[in-house]
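Trainee: Below is a structure I'd like to ask you about.
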Amino acid sequence: MKKIFLTALLSIIICTTSAMASSESDAVLKFFDNFVVASNNYDKSMENYFMPTTRIERIVIKPDNTRAMLVIPMSEYTVQLKKGAFLAKTIKYRNAFKNRKITKVGNDYKITAQRFANADKEGLNCFYIITKVGNNYKIKTESWETKHQGFLKYIKE
């Protein structure tokens, strides 16, 4: 009788834990979907999706297929978002994220995907680390591969 009770109790705990983790993953994906919509619509509240200390990475894929990384301070990234919003909105620049996968990393969640800018046929790798802050979620890291060579002038090697 004790074995049956303990087995049933353990099953309930495992199912409850799985359901909680699943619902939190769903909440993180919903947060990410809302972020993508805000981003693609150049919503002024977009910067609220980020932490003040968010790490912004751009991995530039050079013509010889080597890579160089640029880390952009969040303060500079916010300035650049505001400066570039008008032109980006004018040309209807959008990002789509396909083949998304979410994994739990410690207390955070990592979303990996392929990012398709505008009508690109080839997706480039990206990932986001999303963390819970109070009752909300925030982007802790945004990392994109890019073929935009203009970033290279900012990389100090």
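The values are calculated or read from the model by the stated rules, or taken from the named source; none is laboratory data. Computed from a prediction, not measured in an experiment: that's the story for all the values here. So basically every Cβ, Gly included, is an ideal-geometry build from the backbone, and we count neighbours across all protein chains shown. Note: accessible area is taken over every heavy atom of the protein model, side chains too, but ligands, DNA and RNA are not part of it. Shrake-Rupley method; radii C 1.70, N 1.55, O 1.52, S 1.80 Å.
Trainee: Please count how many residues of the range 109-130 are assigned to a strand (DSSP E or B), open to solvent by 20 Å² or more (accessible area, probe 1.4 Å) and of a type outside the set (A, V, I, L, M).
Mentor: So the count comes out to 6.
Trainee: List every residue pair whose Cβ atoms lie under 8 Å apart, where the two residues are 6 or more positions apart in sequence or sit on different chains, the first residue falls within the range 109-123 and is under 23 Å from Ile91 (Cβ atoms), and the second residue, located anywhere, is among the hydroxyl-bearing types (Ser, Thr, Tyr) and open to solvent by 60 Å² or more (accessible area, probe 1.4 Å).
Mentor: Ala117/Tyr93; Asn118/Tyr93
Trainee: Condition check: in contact (Cβ under 8 Å) with a residue 24 or more places away in the chain and either assigned to a loop (DSSP other than H, G, I, E, B) or charged (D, E, K, R) (or both). Does Lys30 satisfy that?
Mentor: Spelling it out, it is not the case that Lys30 is in contact (Cβ under 8 Å) with a residue 24 or more places away in the chain and either assigned to a loop (DSSP other than H, G, I, E, B) or charged (D, E, K, R) (or both).
Trainee: Pairs only if they're at least six apart or on different chains, beta carbon under 8 angstrom, first in the range 141-157 and over 13 Å from Arg67 (Cβ atoms) and part of a strand (DSSP E or B), second modelled with pLDDT of 85 or more and aromatic (Phe, Trp, Tyr); list them, first residue then second.
Mentor: Qualifying pairs under 8 Å: Thr141/Phe127; Thr141/Tyr128; Glu142/Phe50; Glu142/Tyr128.
Trainee: For the range 133-157, what are the residues that are buried (at least 16 other Cβ atoms within 10 Å of the Cβ) and not aliphatic (A, V, I, L, M)?
Mentor: Answer for the range 133-157, where residues must be buried (at least 16 other Cβ atoms within 10 Å of the Cβ) and not aliphatic (A, V, I, L, M): Tyr137, Lys138, Lys140, Thr141, Glu142, Ser143, Trp144, Glu145, Thr146, Phe151.
Trainee: From Phe31, Phe50, Phe35, Phe97, which residue is of a type in the set (A, V, I, L, M, F, W, C) and farther than 29 Å from Tyr154 by Cα?
Mentor: Within the list Phe31, Phe50, Phe35, Phe97, the selection yields Phe31.
Trainee: Please enumerate the residues belonging to the range 18-52 that are open to solvent by less than 80 Å² (accessible area, probe 1.4 Å) and modelled with pLDDT under 50.
Mentor: The initial filter retains those residues of the range 18-52 that are open to solvent by less than 80 Å² (accessible area, probe 1.4 Å), namely 18-19, 21-25, 27-29, 31-36, 38-40, 42-43, 45-47, 49-51.
Within the range 18-52, Ser18, Ala19, Ala21 meet the criteria.
Trainee: Regarding Val60, is this residue under 16 Å from Trp144 (Cα atoms) and either open to solvent by 80 Å² or more (accessible area, probe 1.4 Å) or hydrophobic (A, V, I, L, M, F, W, C) (or both)?
Mentor: yes
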